[in-house]
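A.B. asks: Could you have a look at this structure, given as structure tokens, before my questions?
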Amino acid sequence: MDLTLLLDKIILDVEDKGARGTVADYIPALARVDPSHFGMAIAELDGTVHGVGDWQHPFSIQSMSKVFTLALVLAQADGADVWRRVGREPSGDPFNSLVQLEHEDGIPRNPFINAGALVVTDELARYGDAADELLTFLRTESGDPGLTVDAEVAASEAEHADRNRALAYFMAAYGNIRHPVPEVLDQYVRQCSIAMSCGDLARSALFLARHGIRNDGSRFIGQSEAKRINAVMLTCGTYDAAGQFAYRVGLPAKSGVGGGILAIVPGRCAVCVWSPGLDKRGNSVAGATALARFTTMTGWSIF
Ligand code: GLU
């Protein structure tokens, strides 16, 4: 299949559709991003990357960071212990909701809602600064040593983090956040504020398409761990629209409020698409359309 030709067709289809959604504005620095951006990249198992549109333009990875921090925790010898502190079920609530936590004794439903991701960051903080660990991994896998935290986004996010602060303190009251909350929040905010392009993200996520193998051929996580991360992406990766997303696209995916969506075709490739306009649930409108076109045109869904 000619993937460059495929991407050219997808961008035309997306442009034809026109609808773009609205940029996230609860983090002011994200509200300033031009909604007309669109980029898409496909990384093949051998590391070859094909891209179209703004595929080399860095943007805020936001919640896509949660896939990588979870993998970094699961890569540790006792990594699976994290599942005692966070569940694996879709929440059915918005990503930053507080309501379920009280009913469920401070154990978040899954690692991809904010509460769950804060627990994962807290767990990763046992081994070092979570954002630094993540940056080291992403720089190596993407091959881009210049990757860094966008300081403006991080400052803006830190200033508007009261909900996340509330989630973290609430879980601390249940003993499910173990480091001081300000430290965990700082690491979480910086991990979300890393800026990357679609090309870098697709390359960095290839270990999930290769059943746990990194770009240098070494094993990062076990085959079962890769399966499990992909499974949680499918069921919980696109906010409380994961059912609709699985129906439309049929791939494990994780979206972020920066407008990125990372999708995995196990055994074949990793795909990243970026367009900052979001729908009501927080998923990129043009990104979801592009991925739906991608699986329809290639037949590469997991179903
Ligand atoms: N940093 C964002 C937050 O904590 C991430 C949200 C997202 O991308 O889902 O609200």
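The values are calculated or read from the model by the stated rules, or taken from the named source; none is laboratory data. All values reported here derive from a predicted model rather than from experimental measurement. Glycine also receives a Cβ, built like all others from the backbone with ideal geometry; neighbour counts cover every protein chain displayed.
A.B. asks: Give me the pairs: first residue in segment 27-38 and without any contact (Cβ under 8 Å) to a residue 24 or more places away in the chain, second residue surrounded by 20 or more Cβ atoms within 10 Å (Cβ to Cβ) and among the small types (Gly, Ala, Ser), beta-carbon distance under 7 Å, and six or more apart or on different chains, which are they?
C.D. replies: ALA31/ALA24
A.B. asks: Here is a follow-up. Looking at segment 147-160 only, could you name the residues that are surrounded by fewer than 19 Cβ atoms within 10 Å (Cβ to Cβ), within 16 Å of the ligand (Cβ to nearest atom) and at pLDDT 95 or above?
C.D. replies: Passing the criteria: ALA151, GLU152, ALA155, ALA158, GLU159.
A.B. asks: Starting from residues that are more than 16 Å from ALA288 (Cβ to Cβ), in contact with a Ser or Thr (Cβ under 9 Å, 6 or more places away or on another chain) and at pLDDT below 95, keep the ones in segment 33-60 and report whichever is surrounded by the most Cβ atoms within 10 Å (Cβ to Cβ).
C.D. replies: In this case the residue turns out to be VAL33.
Rundown of residues vs (1) over 21 Å from VAL232 (Cα atoms); (2) modelled with pLDDT of 95 or more; (3) away from the ligand (no atom under 16 Å from the Cβ), yes/no style:
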{"residue": "THR121", "(1), (2), (3)": "no, yes, no"}
{"residue": "ALA125", "(1), (2), (3)": "yes, yes, yes"}
{"residue": "PRO145", "(1), (2), (3)": "yes, yes, yes"}
{"residue": "VAL181", "(1), (2), (3)": "yes, yes, no"}
{"residue": "CYS192", "(1), (2), (3)": "no, yes, no"}
{"residue": "MET196", "(1), (2), (3)": "yes, yes, no"}
{"residue": "ALA202", "(1), (2), (3)": "no, yes, yes"}
{"residue": "PHE207", "(1), (2), (3)": "no, yes, yes"}
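A.B. asks: Select from segment 210-257 the residues that are farther than 16 Å from PRO94 by Cα and either within 16 Å of the ligand (Cβ to nearest atom) or among the charged types (D, E, K, R) (or both) and list them in ascending order.
C.D. replies: ARG210, ARG214, ASP216, ARG219, GLU225, LYS227, ARG228, VAL232, ARG248, ALA253
A.B. asks: If you scan segment 1-26, which residues turn out to be in contact (Cβ under 8 Å) with a residue 60 or more places away in the chain, more than 12 Å from SER275 (Cα to Cα) and hydroxyl-bearing (Ser, Thr, Tyr)?
C.D. replies: TYR26
A.B. asks: What number goes with the only condition from (1) out of contact with any Leu (no Cβ under 9 Å at 6 or more places or on another chain); (2) within 16 Å of the ligand (Cβ to nearest atom) that LEU7 does not pass?
C.D. replies: Result: LEU7 passes all but (2).
A.B. asks: Sort through ARG20, ARG85, ARG109 and tell me the only one that's at pLDDT below 90, among the charged types (D, E, K, R) and buried (at least 16 other Cβ atoms within 10 Å of the Cβ).
C.D. replies: Being at pLDDT below 90, among the charged types (D, E, K, R) and buried (at least 16 other Cβ atoms within 10 Å of the Cβ) holds for just one of ARG20, ARG85, ARG109, which is ARG20.
A.B. asks: Oh, and also: Where in segment 185-297 are there helices (runs of 4 or more DSSP H), lying fully within it, with 1 or more residues that are more than 20 Å from LEU147 (Cα to Cα)?
C.D. replies: Numbers: elements: 198-204, 206-209, 223-236, 242-248.
Filter on segment 185-297 gives 206-209, 223-236, 242-248.
A.B. asks: Restricting segment 161-179 to residues that are farther than 13 Å from PRO108 by Cα and not in a helix (DSSP H, G or I), which is nearest to the ligand (Cβ to nearest atom)?
C.D. replies: ALA161
A.B. asks: Being crowded, with 22+ Cβ neighbours inside 10 Å and away from the ligand (no atom under 13 Å from the Cβ) narrows it down to one of ALA80, ALA71, ALA117, so name that one. Before you say what the answer is, go through the steps one by one.
C.D. replies: Numbers: ALA80 fails: crowded, with 22+ Cβ neighbours inside 10 Å; ALA117 fails: away from the ligand (no atom under 13 Å from the Cβ).
None of the others qualify; the one that does is ALA71.
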